[in-house]
Amino acid sequence: MRQSRVPALVVGFLLCLAACSGSSPAAQSKGSLRIGVDLPLSGPEGLAGTQALDGIRFFVQQHPAVAGFDLALSIDDDAQAAGPDPQAGATDVQRFIADPALVAMIGPVDASVARAEIPIANAAGLAMVSPATTSPCLTKDVYLPAGLSPDGAAISCHDAGFPSASELRPAHVNNFFRLSTTDDLQGPAAADYAYGTLHLLRVAVVSDHEAYGQALADAFAARFVKLGGSVVGRLDLDPKSNPDVTAFFNRVKTDGARAVYFGGPTSSGACALRQQMQGVFDAGLATPFLGGDGIAEDPACIQAAGANATGIYATVAAVDATSRPGAAGTIAAFKASFGNTADYGPLTMAGYDAAGVLYAAVERAVKAAGGVRPPRGNVVSQLSVTEGFEGATGTIGFDPAGDTTNRMVSIYESPGPEPSLPWRLVDVVDYSGTLPF
């Protein structure tokens, strides 16, 4: 049973444009349109989900009506104390579909929840906009392209243990759009940073025996070698066995490794390995430790790394709005409105932009329908032609698969041994023009 859930009825977040303008509601409003929001609001991802929700709420606060309709949010939690709950997400989408005033939804952020939700929403023609879901197989049939796989042959989604994107869409029309780029760019971005900025030539690569971590590690290794570097050791381990990798570290150090890349999340022992590096490699910045978004900005990673928490670098497959001068005013207005800087996080402006992109599509759909509530399929159609939308996270558009054309990967550096300090943005790798494979 779900342990923390927003009430299933529409959350009381309905702001009337007429009230803002001082006119009578009858003269201004055509009624209500609702947007579903399905995010993890409890469990391990609850903070990130809440920060995304705050961004969505802030956008609606600024834009309380669309094309003459009042705009309301219908909010659900797709997680429980243990983590993401795909069945809960599926139930949420079914409830959204049953509401005739609900025209589209924002979410989810977890890939396993997305795999449960997309077929249901697709069959009903319900548009989905995810602020941050990075699994390639949600939009593609190839998990790792040939240019990044170990043997030079593409790895299909089926080979990786996932359904392909085409299988998730029974209506054979894409209804899923996302603002983050995909995992097959995270590994290459870390390789670009390691080789081009940290000036590393020889590295060791470790993965956690799971498809996500293995793909990150393989993509990093392939890109690093393509750039001119060498991978002097590759280890795939089962974190459940509490591995001692001291012997591996000693061997790769002897072979000249000057950094370690880990594919996998903190929960797979990523940063515990960083702690184990101490005593074999030089501590801190002298021997970098790199990984993906499974360790980025995670206090648990810092705690696990202990005294060796300096010199950790992690990729996030999205734009950091704080790196964009044009977003400064929006971020400042958000912080002033919510009154608590803890309410601002990596997904806040992604949530804000997800609402903005969807709002624009709904507005176009209403106008195309002659000013009345549009069919859900019209919102899908309008999202599919999104291009040049100026958001806090950059200029947003979608390719035919529903992936963002703003293919940027942010790279963060750990704050050192203090878990409460923020990670620092150190670079942005932009693949919007040319892909690394």
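The values are calculated or read from the model by the stated rules, or taken from the named source; none is laboratory data. On a predicted model such as this, the values are computed, not experimentally measured, just so you know. Using ideal geometry, Cβ is built from the backbone for each residue, glycine included, and neighbour counts are taken over all protein chains shown.
Where helices (runs of 4 or more DSSP H) fall entirely within segment 250-353, those with at least 1 residues that are aromatic (Phe, Trp, Tyr) and either in the same structural domain as Val129 (by TED's automatic domain parsing) or touching a residue at least 24 places away in the same chain (Cβ under 8 Å) (or both) are at 328-338. Scanning segment 135-184 for residues that are farther than 18 Å from Thr405 by Cβ, in contact with a strand residue (DSSP E or B) (Cβ under 7 Å, 6 or more places away or on another chain) and assigned to a helix (DSSP H, G or I) turns up just one, Cys137. Looking at the structure I just gave you, is Leu358 crowded, with 21+ Cβ neighbours inside 10 Å and touching a residue at least 12 places away in the same chain (Cβ under 8 Å)? Criteria met by Leu358.
Let's see how each residue does on (1) among the basic types (Lys, Arg); (2) touching a Lys or Arg at 6+ places or on another chain (Cβ under 8 Å):
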residue: His209; (1), (2): no, no
residue: Arg234; (1), (2): yes, no
residue: Asp238; (1), (2): no, no
residue: Gly256; (1), (2): no, yes
residue: Gly263; (1), (2): no, no
residue: Thr266; (1), (2): no, no
residue: Gln275; (1), (2): no, no
residue: Gly279; (1), (2): no, no
residue: Gly294; (1), (2): no, no
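With respect to the conditions (1) within 30 Å of Gly397 (Cβ to Cβ); (2) touching a strand residue (DSSP E or B) at 6+ places or on another chain (Cβ under 7 Å); (3) crowded, with 24+ Cβ neighbours inside 10 Å; (4) small (Gly, Ala, Ser), Ser207 falls short on a single one, namely (1). Condition test on Thr395, is it part of a strand (DSSP E or B) and out of contact with any helix residue (DSSP H, G or I) (no Cβ under 9 Å at 6 or more places or on another chain)? The answer is yes for Thr395. Going by the conditions given, is Thr139 buried (at least 17 other Cβ atoms within 10 Å of the Cβ) and among the hydroxyl-bearing types (Ser, Thr, Tyr)? Yes.
In the set (1) surrounded by fewer than 19 Cβ atoms within 10 Å (Cβ to Cβ); (2) without any contact (Cβ under 8 Å) to a residue 60 or more places away in the chain; (3) in contact with a strand residue (DSSP E or B) (Cβ under 7 Å, 6 or more places away or on another chain), the condition left unmet by Asp70 is number (1). The set of residues in segment 398-437 being of a type in the set (A, V, I, L, M, F, W, C) and either touching a residue at least 40 places away in the same chain (Cβ under 8 Å) or not assigned by TED's automatic domain parsing to the domain that holds Ile312 (or both) consists of Phe398, Ala401, Met408, Val409, Ile411, Trp423, Leu425, Val426, Val428, Val429, Leu435, Phe437. Screening Gly394 against (1) farther than 14 Å from Arg178 by Cα; (2) touching a residue at least 40 places away in the same chain (Cβ under 8 Å); (3) crowded, with 19+ Cβ neighbours inside 10 Å leaves a single unmet condition, (1). Within segment 264-296, being of a type in the set (A, V, I, L, M, F, W, C) and either surrounded by fewer than 23 Cβ atoms within 10 Å (Cβ to Cβ) or more than 13 Å from Tyr313 (Cα to Cα) (or both) holds for Ala272, Leu273, Met277, Val280, Phe281, Ala283, Leu285, Ala286.
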